[in-house]
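Here's the structure, in structure tokens; my notes come after.
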Amino acid sequence: MTVRNMLAAAFLALAACTNAVQAATYTMYRDPYCGCCKEWAKHLRTELETAVAESETTDMAAIKIAQNVPRELWSCHTLIVDGYVIEGHVPAQAIARLLEERPEGVRGLAVPGMPVGSPGMEMGGRKDPYQVIAFGDAGMSVFASYN
């Protein structure tokens, strides 16, 4: 197969994606001993119908610092997608909205901590309310709320 044919096949595969959400590359950094991160990645794969690459590291602080995630927003895993940083248990719906709207001054989204009932943190029917926080040059603001 020539390089030209390989490129043509890649473009056809990309065109088969229904939108930018599926076409984006998702890379999640997580601690190898964290099970909720795996569950959150499953949530993304199912809801966004996309692949999520997983990179294990025991130095998650270095990833968060390198990606300029404000310390008060830190959670257990960090995902990079299409130039955005996703910190913690952000629902797939919020990520899709971010990728579609691309709000000015927003570098990423975060769900601080590990709220019960957020994707990957399901515990039966229990659900604690939580917010998705947008962060970046525009500061921090509530992007979405879940009850």
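Is there a residue in region 107-127 that is loosely packed, with under 14 Cβ neighbours inside 10 Å, at pLDDT 95 or above and not β-branched (V, I, T)? Checked against the condition, which is being loosely packed, with under 14 Cβ neighbours inside 10 Å, at pLDDT 95 or above and not β-branched (V, I, T), region 107-127 yields no hits at all.
Anything in region 75-86 that is part of a loop (DSSP other than H, G, I, E, B) and either closer than 20 Å to S145 by Cβ or aliphatic (A, V, I, L, M) (or both)? List them, or say none. Scanning region 75-86 gives a single hit, S75. When restricted to residues that are within 8 Å of the chain's Cα centre (by Cα) and among the acidic types (D, E), region 81-109 contains 1.
The values are calculated or read from the model by the stated rules, or taken from the named source; none is laboratory data. Only a predicted model underlies this, so the values are computations on that prediction, with no experimental measurement involved. Don't worry about glycine lacking a Cβ; one is built from the backbone with ideal geometry, like all the others, and counts go over all protein chains shown.
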